[in-house]
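What follows is a single structure, written as structure tokens, with notes after it.
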Amino acid sequence: MNTEMRLQGKTAIVTGAGGGIGGATAHRFASEGATVILVDIDAVRCREVLGQIVGSGGQASCAIVDLTSETQVVELFSNVLREHGRLDILVNIAGGDCEPAASVEEIDPERAMKNLDMNLKSCMLCCREAVKIMKPQGHGRIVNMSSLVYRGSPNQFSYSASKGGIFSFTRSIAIALGGFNITANALAPALVEVDAFVRALGPDRWKMLAEASAERYPLKRIAKPEDVAGAALFFASDDASFITGQILEISGGARL
């Protein structure tokens, strides 16, 4: 454990905590002294991360939630308030892409709406409920997961739309909530090495994509989950107390 803990005594929710980026963020927050509520729809992976954190001396609990369900989101935050009495940090990482590599002519309304629900709707619902706790406290940190494709993408239309929406929404709540000492910022990673991508593409296709992407990035490598977790920690800590409404590209210099 760190001797100087930046999140000591803080209560944090990390959604998508069963995934690579969410798991790395939950681990980092716990190592910095936070009590972390791990939220994921995948019970097995969420509890694996929980076991790792508790096993290393961290404070954490697990909540299995479908974040596209308003009822379940409301219940999640009600439980957190009842059990912990406060919420200092919300990190919205949960999401995904149900329509990768589709052409404009092939956009499927059902899959597009699923992308909007998984990424944008879930983020908006969690922020709404978090603010109900943070406003009376007069303090809060919100970190939302966008993506480098918020700038646009030639083959991820609904996904990039959802990630662009997250940035616009984050800027909007930053404007609305600044007077309550609540900051809201967004992260925009480029390609990150996570198991979900490897499983979706297969090892061979993943290797080709990772190598081609790394070659284009000035730093000549793709991101690791820990790179994103470090940026989330910065926004969640007092080091970023005068930063709000911003998007941080964690891209190795991609698209400079």
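The values are calculated or read from the model by the stated rules, or taken from the named source; none is laboratory data. None of these values were measured; they are calculated from a predicted model. Virtual Cβ from ideal backbone geometry, glycine too; neighbours counted across all protein chains shown.
The table that follows gives values for the structure above.
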{"quantity": "Residue ID - nearest to Leu76 (Cα to Cα), chosen from residues in segment 93-117 that are without any contact (Cβ under 8 Å) to a residue 60 or more places away in the chain and of a type in the set (A, V, I, L, M)", "calculated": "Leu116"}
{"quantity": "Scan of segment 153-197 for residues that are in contact with a Lys or Arg (Cβ under 6 Å, 6 or more places away or on another chain) and either in contact (Cβ under 8 Å) with a residue 60 or more places away in the chain or of a type in the set (Ser, Thr, Tyr) (or both), ordered by number", "calculated": "Thr183, Glu193"}
{"quantity": "Filter result (touching a residue at least 12 places away in the same chain (Cβ under 8 Å) and surrounded by fewer than 20 Cβ atoms within 10 Å (Cβ to Cβ)) within segment 235-246", "calculated": "Ser237, Asp238, Asp239, Ala240, Ser241, Ile243, Gly245, Gln246"}
{"quantity": "All positions within segment 1-16 that are in contact with a Ser or Thr (Cβ under 8 Å, 6 or more places away or on another chain), assigned to a loop (DSSP other than H, G, I, E, B) and among the polar types (S, T, N, Q)", "calculated": "Asn2"}
{"quantity": "Boolean, Val49 is in contact with a Phe, Trp or Tyr (Cβ under 9 Å, 6 or more places away or on another chain) and within 28 Å of Ala188 (Cβ to Cβ)", "calculated": "no"}
{"quantity": "Selection within segment 101-136 - assigned to a loop (DSSP other than H, G, I, E, B) and either modelled with pLDDT of 95 or more or surrounded by fewer than 17 Cβ atoms within 10 Å (Cβ to Cβ) (or both)", "calculated": "Ala101, Ser103, Ile107, Asp108"}
{"quantity": "Residue list for segment 198-213, restricted to those being in contact (Cβ under 8 Å) with a residue 12 or more places away in the chain, out of contact with any Asp or Glu (no Cβ under 9 Å at 6 or more places or on another chain) and surrounded by 16 or more Cβ atoms within 10 Å (Cβ to Cβ)", "calculated": "Ser213"}
{"quantity": "Set Ala190, Ala210, Ala232: member being in contact with a helix residue (DSSP H, G or I) (Cβ under 9 Å, 6 or more places away or on another chain) and farther than 22 Å from Ala94 by Cβ", "calculated": "Ala210"}
{"quantity": "Output for segment 158-189, where each listed residue is basic (Lys, Arg) and surrounded by 21 or more Cβ atoms within 10 Å (Cβ to Cβ)", "calculated": "Lys163"}
{"quantity": "Residue check, Val149 surrounded by fewer than 24 Cβ atoms within 10 Å (Cβ to Cβ), under 22 Å from Ile89 (Cβ atoms) and β-branched (Val, Ile, Thr)", "calculated": "no"}
